[in-house]
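Presented below is the structure to which this report refers.
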Amino acid sequence: MKLMHKTLLASALIVATSAAQASLTDDKLKIGVLVDMSAGYSDITGKGSVEAVKMAVEDFGGQVLGKPIEVVYGDTHLKADIGSAIARRWVEDEQVDVINGAVASSVTGAVTKFMTDKEKITLIAASASHTFTTKDCSPFNAHWTYDVVALANGTVKPMVQDGNKKWFFITADYAFGHALERVATGVINSNGGEVVGGVRAPFGTTDFSSYILQAQSSGADVIALANAGADMINALTTAAEFGVTETVNVAGLLVFTPGAQALDPAIAGGMRLTTGFYWDMDDQTRAWSTRYMARMEGKLPSMAHAGAYSSTMHYLKAVEAAGTDEGKAVMAKMKAAPVEDFFSRNGYLRKDGRMVHDMLQVRIKTAAERTSNNDIFAIEQVIKGDGAFLKMADGGCEFALAK
């Protein structure tokens, strides 16, 4: 009996110790979703990203370590000062533990700098610049969905190899566009092509006529649109109106599914691009997307929406495994576990914060190929993650490469 009593006592002490070790600050976990709700990227993040994060929380059970999970969101208006002010208020006054979303590289840069100072994790689900895992890397960054290197490797490289040697860039005039043009130029040059010209257009440009005419007169084989969202749609539509798409290839270097759906297939049909997610890839993607669309009045998810869900779910699993919401401990668990879900195939979070996963090279279907309004892409190739993203050794992230 004494032995049994001691055994029960020891078991009780183990349980009590585990319960004491498993704790959350403020007795809850609070997720802030920082997105564009009102400007040019609202369709690819916006309410959809908020709903995707809420879906992950609900699927996880609504609580972690026996404590509730709360979701709040903020609109950055794509302005860095607004984004960083929201992040500061959330963390310092409202006990937010992690921020998801982050669209526009300028906003993400300001937010991740603040979050790193506070040793809080940022789940970067929508920004394209690879600076957050290279020059501006942080032990608290998790760059999830895609980046400019994967986009260039997936779209530009095969086009140059197919004989499209001369390129002209129409580039969004801010950090994302500059980074995308710079990386794509490197891919072009290393594969025997050349850049014959380029222009930079301010974000929110509505009249691309002069830019398209310059591109047309350059003698380029390809006009590369190093922009996104409404800018990409306006540029491509203008190119079609001028008849340019009939004589020159136009490459969209960052095209989200909602944007591709909005384009007339007579204009966009046949265009190749790279994406981190397509809703109709297989049974897993269709099942999740059907649930998402039911919450979003039938709207298709972008890869940013799918990435917001996937990164949130992986983060919550890591909190549970770590027994705490402390940033260093949670990130260690995130990097220790594989990322295998409806969004990520063969995924893992690298030491530098890059989530490496398979990417998709797709083609926008013509009108004749489509079976419904949601039938947008034909998947032509799966690009393995290690071949899509920049190798960590080449990125220069100091803390990740330190021995």
With (1) surrounded by fewer than 13 Cβ atoms within 10 Å (Cβ to Cβ); (2) modelled with pLDDT under 90 as the list, and ASP81 as the residue in question, which single condition is left unmet?
(2)
For the range 109-119, does any single residue satisfy the condition of being farther than 25 Å from ARG354 by Cβ and at pLDDT 95 or above?
no
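Without any contact (Cβ under 8 Å) to a residue 40 or more places away in the chain, on the phi > 0 side of the Ramachandran plot and assigned to a loop (DSSP other than H, G, I, E, B): does that describe GLY192?
Details: without any contact (Cβ under 8 Å) to a residue 40 or more places away in the chain: yes; on the phi > 0 side of the Ramachandran plot: yes; assigned to a loop (DSSP other than H, G, I, E, B): yes.
Yes, satisfied.
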Can you name the residue in the range 25-78 that is of a type in the set (S, T, N, Q) and more than 21 Å from TRP144 (Cβ to Cβ) and, of all such residues, is modelled with the highest pLDDT?
GLN63
Could you look through the range 293-351, keep only residues that are modelled with pLDDT of 95 or more and of a type in the set (S, T, N, Q), and pick out the one that is farthest from LYS47 (Cα to Cα)?
THR324
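Quick grid of which residues meet (1) part of a loop (DSSP other than H, G, I, E, B); (2) within 21 Å of THR155 (Cα to Cα); (3) not assigned by TED's automatic domain parsing to the domain that holds THR116:
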{"residue": "ALA368", "(1), (2), (3)": "no, no, yes"}
{"residue": "THR371", "(1), (2), (3)": "yes, no, yes"}
{"residue": "ASP375", "(1), (2), (3)": "yes, yes, yes"}
{"residue": "ILE379", "(1), (2), (3)": "no, yes, yes"}
{"residue": "ALA400", "(1), (2), (3)": "no, no, yes"}
{"residue": "LYS403", "(1), (2), (3)": "yes, no, yes"}
Looking at the range 342-351, which of the residues that are within 10 Å of SER311 (Cβ to Cβ) and in contact with a Ser or Thr (Cβ under 8 Å, 6 or more places away or on another chain) is surrounded by the fewest Cβ atoms within 10 Å (Cβ to Cβ)?
SER344
In the range 97-145, the residues that are in contact (Cβ under 8 Å) with a residue 60 or more places away in the chain, surrounded by fewer than 24 Cβ atoms within 10 Å (Cβ to Cβ) and of a type in the set (Val, Ile, Thr):
THR134
Taking the stated definitions as given, is LEU213 hydrophobic (A, V, I, L, M, F, W, C), within 25 Å of GLU380 (Cα to Cα) and either in contact (Cβ under 8 Å) with a residue 12 or more places away in the chain or in a loop (DSSP other than H, G, I, E, B) (or both)?
no
Check off (1) more than 17 Å from LYS317 (Cα to Cα); (2) crowded, with 16+ Cβ neighbours inside 10 Å; (3) touching a residue at least 40 places away in the same chain (Cβ under 8 Å); (4) of a type in the set (A, V, I, L, M, F, W, C) for VAL356 and give me the number that stays unchecked.
(3)
The range 263-292, residues that are at pLDDT below 95 and of a type in the set (Gly, Ala, Ser)
ALA266, ALA268, GLY269, GLY270
Here the residues within the range 78-117 that are more than 15 Å from ALA175 (Cβ to Cβ), within 20 Å of the chain's Cα centre (by Cα) and of a type in the set (Val, Ile, Thr) are VAL98, ILE99, THR116
In the range 300-337, residues that are surrounded by fewer than 24 Cβ atoms within 10 Å (Cβ to Cβ), part of a loop (DSSP other than H, G, I, E, B) and within 18 Å of the chain's Cα centre (by Cα) total 1
For the range 238-261, give me each residue that is over 27 Å from VAL183 (Cα atoms) and either in a loop (DSSP other than H, G, I, E, B) or touching a helix residue (DSSP H, G or I) at 6+ places or on another chain (Cβ under 7 Å) (or both).
PHE242, GLY243
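The values are calculated or read from the model by the stated rules, or taken from the named source; none is laboratory data. The structure displayed is predicted, hence computed values, not measured ones. As a convention, Cβ positions derive from the backbone with ideal geometry for all residues, glycine included, and neighbour counts pool all protein chains shown.
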